[in-house]
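Notes follow once the structure below has been shown.
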Amino acid sequence: MINELENYWKKFPETVQNFYQDLHNGFTYYASGSMGLYSQYDILYLGDEYWEIVEGREDSLEIQLESAFGFFGNGMGVYVVLDALNCREDNATLWYTSKLPRYHIKFWDIIDEWIVIGFEA
């Protein structure tokens, strides 16, 4: 687990903590190594990355990059992100590398939907 993630771990929803601690340490589509819930060691820390799409818009973001983590990636530059300081009731963000984020989605609902799409592909 990366240090930043470890510092915020207890702030994430219990369902996320329980998933990683009791069920599975993430999984991705085997053939490509993408699309899926990242292992604790691969969870994306948004604070470490440069995001051109938000340059000059940091004040209008509804999440804090320093406390936000991408738990799921679709393999095409879209992540399901939890901000440890704003994730009550599984509140998540769809974080795109090429367009502005979409806020207030349900963490497990979008992950379930994308996994089903992956099975159908």
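General observations
- Region 42-77: GluC sites (Glu not before Pro) in DSSP loop, at most 14 other beta carbons within 10 Å: 49, 55, 62
- Counting only the Cα atoms, the chain fills a convex hull of 104 Å³ per residue.
- Exposed trypsin sites (Lys or Arg not before Pro) absent - longest run of the chain, DSSP non-H/G/I/E/B, at most 12 other C-beta within 10 Å: 1-56
- Theoretical FRET efficiency, 1/(1+(r/R0)^6), r = Cβ-Cβ of residue 109 and residue 55, R0 30 Å, to 0.05: 0.50
- Sorted largest first by accessible area at a 1.4 angstrom probe radius, with every protein chain in place, the residues 76, 35 fall in the order 76, 35.
- The chain, accessible area per residue, ligands and nucleic acids excluded (1.4 Å, Å²): 60
- Here the Gaussian network model covers the chain, with springs between Cα atoms less than 10 Å apart; of 71, 12, 27, 27 fluctuates the most.
- Residue 8 - accessible surface, heavy atoms, 1.4 Å probe, Å² rounded to 10: 50
- When only Cα pairs below 8 angstrom with a gap of at least 6 residues are kept, the chain shows a relative contact order of 21 percent.
- Accessible surface of the chain, 1.4 Å probe: 48 percent of it comes from carbon and sulfur atoms.
The values are calculated or read from the model by the stated rules, or taken from the named source; none is laboratory data. Keep in mind that this is a model prediction, so the values were computed, not measured. Neighbour counts are summed over all protein chains in view; Cβ atoms, including those assigned to glycine, are modelled from backbone coordinates with ideal geometry. In case anyone asks, the SASA skips ligands and DNA or RNA and just uses the protein heavy atoms, side chains included. Shrake-Rupley method; radii C 1.70, N 1.55, O 1.52, S 1.80 Å.
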